[in-house]
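Report on the following structure.
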Amino acid sequence: MQSLAWIEIIGGISFQLLPVWIALILTFGFSIYYKRRLGLYGKLFDSTIGMIGFAIVMFWVFSGIFAGIFDWIITHDPLHQVSGMKNKLPGTPMRGAEEGEYPYYLFGGDHLARDVFSRMIAGGTVVILIAPLATLFSFMVGITLGLSAGYYGKRLDTNLSFLANLILAFPVILLFYLLVTPEIRATGLPQYLTVVLFAFPLIFIAVLINTRFQTTPTARNIYLTLALFIVGWAYISVINQPESKITLFNSIDLFDIDGGLLTVFVSVVFVNSPTVFRIVRGLTMDIKTRDYVAAAQTRGEGAWYIMLWEILPNARGPLIVDFCLRIGYTTILFGTLGFFGLGLEPESPNWGATINGGRKLLLMYPTPALVPSFALMSLVLGLNLLADGLREESLRD
Amino acid sequence: MLQFFLRRLAVMIVTAFTLSLIVFFITNMYPNLEKSAKNDGNFRMGDDAVLSYLTNRGYLQPFYIKYGQWLGVLPGYVIKGSDEKTRSRCQVLGMTVEDTPKYCGIIQGNWGYSSMFKERVGPILATRLGLTGKLMLCVMLLMIPASLVLGILAGMREGSKTDRGLSAFAITTTATPEYVSSIIFIAIFTSSAVGLKWLKGTATGAMEDATIDNFLLPVLTIALYGMGYIARMTRASMAEVMTSQYIRTARLKGITFYRIVIKHALRNALIAPFTVIMLQFPWLLNGVVIVETIFNYKGIGWVLVQAAGSNDIEMLLAVSVISVFVVLVTQLISDIGYVYLNPRIKVT
């Protein structure tokens, strides 16, 4: 069989991505049609920059989901090595392709004879799964601490700000090199960090429900028990790992997360939350002086009710924008970790590790390193554009 | 002002002290000690061999004593090892045990001994910091003027075509981390696959003799990532100043546009970017580590990666203390500069 020409490669990839195109068209069609009823999300479709950003982000979200759940789009197993396909150019026909197997390596093969295109899409799945979740966790930590520091002020504020500045004074890479190594994992340090950091979502949700339904104790009790049961069990399952420092709850452990992945996740949350803390603290100190907060205080509302239901909703504009930006930054951090071979399996198709793997033969075979590079860049760019569009639209009213 | 300065200095010292304590604690956890023992000795050491290695070299003393010795407030250990050899912390090659000073910590100006480079930490730091300083200086020389000009041009006429174009460029550079942009640059400018081959893909030669050939790519890589952010800040600040009343008054008086920009707008527009530039330092340090690794430029970032790989405790401590000080000093400069540039703010 002949190698594919560039135009055929583009055609082949576009065809592989067909489900993504359909999903994108459907999303945009519905969103633009109903945009007047969709609040801030709908307003996004008034800004060209916002729409471009949203399209790029949703491209990666859809391809990540379709590849992760249905096994669509990817043409070969991203970990499988095929003999004779080492460092092949894009569009090379696959040697010894069997019936039903995709007959080409669309973006060529890397230094271990794996399919570059499939690895790119699989890497996207990893990022789409982890980056927003890690950002969400850092926001819960940052919001819980930032609200209380900004609202109560005084000693609490001084101490928490000192802690935040302490973490921020560390260069991120040094922190990663100290936290994300197999030796440190053996000491259980990341696990204790997990125990502390993952407790914040639990506290956050409990306080959120408690303050909302305080006036109707029966409803509150039901919701609170239910939420604490589900989230609490998930919390225990996450912090508990067989054959590690915390094995107290082995009998009720629901699932196990790969230790390396958990360490990476926790350290990224750890690095991100001080910045979120500073933003939330600043916003809280500003909003605290408004009249509606004074009104709530006069009504005799509790401190946490005011923080979560008076201050937080009014700080949502800047926080949503920062959330988008921070997912991008988190993606970059994950890439950095992968690039230095910290935490995740070297085999795993995450973009950072793939870029590092392709770096060695960059001068002769640039595609294996360039493809994930552009993938990472486009996702982060999409998130930045999306944040820009959201900022523009939220400032308009 | 003096009181403010002194208070900030005190906070700085407390922060650096706490951070060194944390790094000391983490690097001295047992699995890490085992790693450094195996890296220094050999990788097939058994548990007993590791234990005696660590005991003989004072690694298994209580934590606070070790920290005190490193700091220089407690006398360095003198241990008669299981192999009948007496080792002392403060002993330098060629010294007898009797001659060695009692205290040798960073207070005495002794940064310790690097187990990775088999050399004293102080001289290594001096040479490597010099190299990184050279890199950073070039980055600053390129990044600051370029990003300020970009931001001012974009913010001067908000919403114009120039503004749109420059903003798109700025947002793209902030979305491209160093490890992505350097890969793209190397592929375009040095590889035989593209065929331009204008520059070199490694900066090893730049350590002695920096030329455009071998130094442009690393400098450009770090500068670009920081540039977008500063340019966007400058643009926002410039755009805000340009809508203010006194600029309108100046225009109504009939002063030409460029005169207004240069004489009236610039000084006020540059206050915000100044603080941002200073606060960019922690990010720049990250960039330095990545770029030095990719371009094989053996500065402090490269040393950090090497030292972390073999848990070279004293080297890691030295690098973290230095980088933390750089970050804190730049924060202080940023605060003081902010006050100095903006007469409306008084230090309290």
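Inter-chain neighbour count for B:116-125: the average number of beta-carbon atoms from partner chains within 10 Å of each residue's beta-carbon is 0.
Electrostatic bookkeeping for A:LEU160 treats Lys and Arg as +1 and Asp and Glu as -1; over the other residues with beta carbon under 15 Å from its beta carbon, the sum is +3. Taken over the C-alpha atoms, the stretch A:83-236 has Rg and Dmax values of 24.0, 71 angstrom. Report note on the peptides B:124-131, A:293-300: ranked by the mean count of other C-beta atoms within 10 Å, highest first, their order is B:124-131, A:293-300. Each residue of the stretch B:204-211 is assigned a 3J(HN,Hα), and the resulting list reads 4, x, 6, 5, 8, 9, 7, 10 Hz, derived from the Karplus form 6.51 cos²θ - 1.76 cosθ + 1.60 (θ = phi - 60°), x at Gly and Pro. Between the amide H of B:TYR113 and those of B:VAL121, distances stay under 5 Å, these residues lying 5 or more places away or on another chain, with hydrogens modeled in the peptide plane. For the stretch A:10-18, backbone phi angles converted through the Karplus equation (6.51, -1.76, 1.60; θ = phi - 60°) give residue-by-residue couplings of 4, x, x, 5, 4, 5, 4, 8, 3 Hz, Gly and Pro being listed as x. The Rg/Rh ratio of chain B, with Rg taken over Cα atoms and Rh as the Kirkwood radius over Cα pairs, comes to 1.08. Cysteine residues of the protein assembly as shown whose Cβ has no partner cysteine Cβ closer than 4.7 Å: A:CYS324, B:CYS138.
The charge dipole of chain A, taken about its Cα centre with unit charges on the Cβ atoms of Lys, Arg (+1), Asp and Glu (-1) only, comes to about 1100 debye.
Placing a pseudo-label 7 Å from each Cα along the Cα-to-Cβ vector at B:SER160 and B:GLU240 gives an inter-label distance of 2.2 nm. Could you tally the net charge around B:ILE106, taking each other residue with its Cβ under 15 Å from the Cβ of B:ILE106, Lys/Arg +1 and Asp/Glu -1? Neighbourhood net charge equals +2. Take the Cβ-Cβ distance between A:ASP77 and B:ASN342 as r, set R0 to 45 Å, and report the resulting FRET efficiency rounded to the nearest 0.05. After rounding, the FRET efficiency stands at 0.15.
Each principal axis of the Cα atoms in chain A has its own extent, and those three values, largest first, are 80, 54, 42 angstrom. Sort the stretch B:34-110 into rounded, prolate or oblate with this rule: let a ≥ b ≥ c be the square roots of the eigenvalues of the Cα gyration tensor; rounded if a/c is under 1.5, and if a/c is not under 1.5, prolate when a/b is larger than b/c, oblate otherwise. Taking the square roots of the gyration eigenvalues as a ≥ b ≥ c, the stretch B:34-110 is prolate. The translational diffusion coefficient of the stretch B:230-319, from Stokes-Einstein at 4 °C and 1.567 mPa s with a Kirkwood hydrodynamic radius over alpha carbon pairs, comes to 79 µm²/s. Inter-chain neighbour count for A:174-184: the average number of beta-carbon atoms from partner chains within 10 Å of each residue's beta-carbon is 6. Counting charges near A:SER31 (Lys, Arg +1; Asp, Glu -1) among other residues having Cβ under 15 Å from its Cβ returns a value of +2. Here the dipole of chain B is about 1540 debye; that uses its Cα centre as origin and unit charges on the Cβ of Lys and Arg (positive) and Asp and Glu (negative). Once Rg and the Kirkwood radius are both taken over the C-alpha atoms of the protein assembly as shown, their ratio Rg/Rh works out to 0.97. Protection proxy ranking, highest mean first, for peptides B:196-208, A:364-376: A:364-376, B:196-208, where packing is the per-residue count of other beta-carbon atoms within 10 Å, averaged. Counts of other chain beta carbons within 10 angstrom of each beta carbon in peptide B:293-302 average 1. What you get for the protein assembly as shown, charging only the Cβ of Lys and Arg (+1) and of Asp and Glu (-1), is a dipole of about 2660 debye around the Cα centre.
Site-free segments of chain A were taken between GluC sites (Glu not before Pro) in DSSP loops having at most 12 other Cβ atoms within 10 Å, sites themselves excluded; the longest one is A:102-242.
The modelled label-to-label distance for the pair B:THR249/A:PHE255, using points 7 Å beyond Cα in the direction of Cβ, is 6.4 nm. Could you tell me which of the pairs A:LYS360/B:LYS38; B:LYS38/B:LYS85; B:LYS200/B:LYS298; B:LYS161/B:LYS263; A:LYS35/A:LYS288; B:LYS102/B:LYS134 are separated by over 26 angstrom between their Cα atoms in the structure shown? Distance filter (> 26 Å) returns A:LYS360/B:LYS38; A:LYS35/A:LYS288; B:LYS102/B:LYS134.
In this rough spin-label picture, where each label sits 7 Å from Cα along the Cβ direction, the B:PHE5-A:PHE30 distance is 6.3 nm.
Relative to the present Cα-Cα distance, how much length would full extension add between A:LEU208 and A:ASN314 at 0.36 nm per residue of separation?
My answer for the length gained is 36.6 nm.
Residues within the reach of a label modelled at B:PHE43 (point 7 angstrom out along Cα to beta-carbon, backbone nitrogen below 16 Å), restricted to the stretch B:286-315, are B:309-311. Dipole orientation for the stretch B:123-341: of the candidates B:TYR338, B:VAL261, B:LEU153, B:VAL261 has the Cα lying most toward the positive pole (charges on Cβ; Lys, Arg +1; Asp, Glu -1). Distance distribution note for the stretch B:1-145: the fraction of Cα pairs above 28 angstrom is 34%.
Readers should treat all values here as calculations from the given coordinates under stated rules, not as data from a laboratory. The shown structure was predicted, so the numbers you read here are calculated from the model rather than taken from an experiment. Cβ atoms come from the backbone with ideal geometry, glycine included; neighbour counts cover every protein chain shown.
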